[in-house]
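S.K.: Below: one structure in structure tokens.
The values are calculated or read from the model by the stated rules, or taken from the named source; none is laboratory data. Owing to the predicted nature of the structure, the values given are computational and were not obtained by experimental measurement. Neighbour counts are summed over all protein chains in view; Cβ atoms, including those assigned to glycine, are modelled from backbone coordinates with ideal geometry.
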Amino acid sequence: MENTKQASKSFSADAVSETDKHRRPIRSFVLRQGRLSPGQARAVDMLGPQYVLPFKADAVLNMAKIFERDAPTIVEIGFGMGNTTADIAQQLLDKNFIGIEVHTPGVGSLLKMIAERNLTNLRLIQHDAVEVLRDNVTDSSLAGLHIFFPDPWPKKRHHKRRLIQPAFVTLLVQKLQTQGYIHLATDWQPYAEHMLEVLQAEPQLVSTKSTASTASTASDYAARPLYRTESNFERKGLAKGHGVWDLIFIKR
Ligand SMILES: C[S@@+](CC[C@H](N)C(=O)[O-])C[C@H]1O[C@@H](n2cnc3c(N)ncnc32)[C@H](O)[C@@H]1O
């Protein structure tokens, strides 16, 4: 598996085109030296080889081979400690899940849950999701994309680090099959408004809340679907009195 050093060279949402590949990247994350518990370290050592897929530049993932079946595949970007990811994979056993995260404690935490819950429909990649999507995922192949509570980067000078940007959303749409969905959630209202603006501006997307005859509006926020259980990050936001906004858009 790619280590922290490899991940730290990664790119952000701004780096999706061929030209951008060669520019100094603006990343959507900062790699912190998070504490790895003994259990997480053990999980990385013992379970990593089985459940963590190595990042390889320009090598497309063969989902049917990886999961040994043909099933719709959903990618989650930035799963954090992975509780929600494990809950969803456990609920939706007929779907394949690929979880992408750069932080090793999160990878160890989710590997532990994979083993504890016997999840056979979930694999992980420890690398920058922008590169993974760009290099490893076949166009028009995904049934869904989940991005829950991406780092809000609240300071104006950091807005360029936000994952949800027009160029990145275009890349997401490119990887979705027709009728595939993007599900975003955030507890930061200005980011929710930005997300809404970016998704509404993407011509290939339509809100699950809109009908053909209605223009996109603020009512394009969706109700939280039952499959999305409360995440660690969400819990902290709620404790601070934040609201939560879900957005679910479908590729035409
Ligand atoms: C604010 S946390 C939310 C984590 C989790 N989704 C939750 O709700 O608890 C955002 C996570 O996204 C990860 N992340 C940010 N940019 C990423 C990228 N480009 N590729 C992979 N992971 C990324 C960060 O490492 C971090 O763990």
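S.K.: Within the set of pairs 6+ apart or on separate chains, which have a first residue in segment 66-82 that is without any contact (Cβ under 8 Å) to a residue 60 or more places away in the chain, a second that is more than 16 Å from the ligand (Cβ to nearest atom) and assigned to a helix (DSSP H, G or I), and C-beta atoms under 6 Å apart?
M.R.: Filtered contacts from segment 66-82: Asp70/Ala64.
S.K.: Within segment 103-126, work out how many residues are more than 7 Å from the ligand (Cβ to nearest atom), in a loop (DSSP other than H, G, I, E, B) and over 20 Å from Leu226 (Cα atoms). Before you say what the answer is, go through the steps one by one.
M.R.: Here is the first cut: in segment 103-126, the residues more than 7 Å from the ligand (Cβ to nearest atom) are 104-105, 107-126.
Restricting the remaining residues to those that are in a loop (DSSP other than H, G, I, E, B) gives 117-121, 126.
Still in the running and over 20 Å from Leu226 (Cα atoms): 118, 120, 126.
Number satisfying all stated conditions: 3.
S.K.: Limited to segment 38-71, what total is found for residues that are at pLDDT 95 or above and either away from the ligand (no atom under 16 Å from the Cβ) or basic (Lys, Arg) (or both)?
M.R.: Total meeting the criteria: 23.
S.K.: Does Asn96 count as of a type outside the set (Asp, Glu) and free of Cβ contacts under 8 Å to residues at least 24 places away in the same chain? First the steps, then the outcome.
M.R.: Values: of a type outside the set (Asp, Glu): yes; free of Cβ contacts under 8 Å to residues at least 24 places away in the same chain: no.
So Asn96 does not fit the description; no.
S.K.: Quick one: which of Tyr221, Tyr181 is touching a Gly at 6+ places or on another chain (Cβ under 6 Å) and away from the ligand (no atom under 15 Å from the Cβ)?
M.R.: Working: Tyr221 fails: touching a Gly at 6+ places or on another chain (Cβ under 6 Å).
After applying the criteria, what remains is Tyr181.
S.K.: From the list Ile74, Ile100, which residue is at pLDDT 95 or above, within 10 Å of the ligand (Cβ to nearest atom), within 11 Å of the chain's Cα centre (by Cα) and not basic (Lys, Arg)? Before the answer, list the steps.
M.R.: On the way: Ile74 fails: within 10 Å of the ligand (Cβ to nearest atom).
Going through Ile74, Ile100 in turn, the sole match is Ile100.
S.K.: Out of (1) within 14 Å of the ligand (Cβ to nearest atom); (2) at pLDDT 95 or above; (3) closer than 21 Å to Arg134 by Cα; (4) in contact with a helix residue (DSSP H, G or I) (Cβ under 7 Å, 6 or more places away or on another chain), the odd one out for Asn83 is which?
M.R.: Against the list (1) within 14 Å of the ligand (Cβ to nearest atom); (2) at pLDDT 95 or above; (3) closer than 21 Å to Arg134 by Cα; (4) in contact with a helix residue (DSSP H, G or I) (Cβ under 7 Å, 6 or more places away or on another chain), Asn83 comes up short only on (3).
S.K.: Identify, by number, the condition in (1) assigned to a helix (DSSP H, G or I); (2) crowded, with 21+ Cβ neighbours inside 10 Å that Gln50 doesn't meet.
M.R.: Every listed condition holds for Gln50 apart from (2).
S.K.: Also, quick follow-up: Would you mind stating whether Ala89 is part of a helix (DSSP H, G or I), free of Cβ contacts under 8 Å to residues at least 40 places away in the same chain, of a type in the set (A, V, I, L, M) and buried (at least 24 other Cβ atoms within 10 Å of the Cβ)?
M.R.: Working: part of a helix (DSSP H, G or I): yes; free of Cβ contacts under 8 Å to residues at least 40 places away in the same chain: yes; of a type in the set (A, V, I, L, M): yes; buried (at least 24 other Cβ atoms within 10 Å of the Cβ): yes.
In short, yes.
S.K.: Then there is this: With the structure loaded, tell me whether Ser140 is among the hydroxyl-bearing types (Ser, Thr, Tyr) and either within 10 Å of the ligand (Cβ to nearest atom) or buried (at least 17 other Cβ atoms within 10 Å of the Cβ) (or both) or whether it fails that test.
M.R.: So Ser140 fails the test.
S.K.: Please work out if Lys156 is more than 16 Å from the chain's Cα centre (by Cα), surrounded by fewer than 18 Cβ atoms within 10 Å (Cβ to Cβ), of a type outside the set (Asp, Glu) and at negative phi. Write out each step before concluding.
M.R.: Values: more than 16 Å from the chain's Cα centre (by Cα): yes; surrounded by fewer than 18 Cβ atoms within 10 Å (Cβ to Cβ): yes; of a type outside the set (Asp, Glu): yes; at negative phi: yes.
Judged against the criteria, Lys156 is a match.
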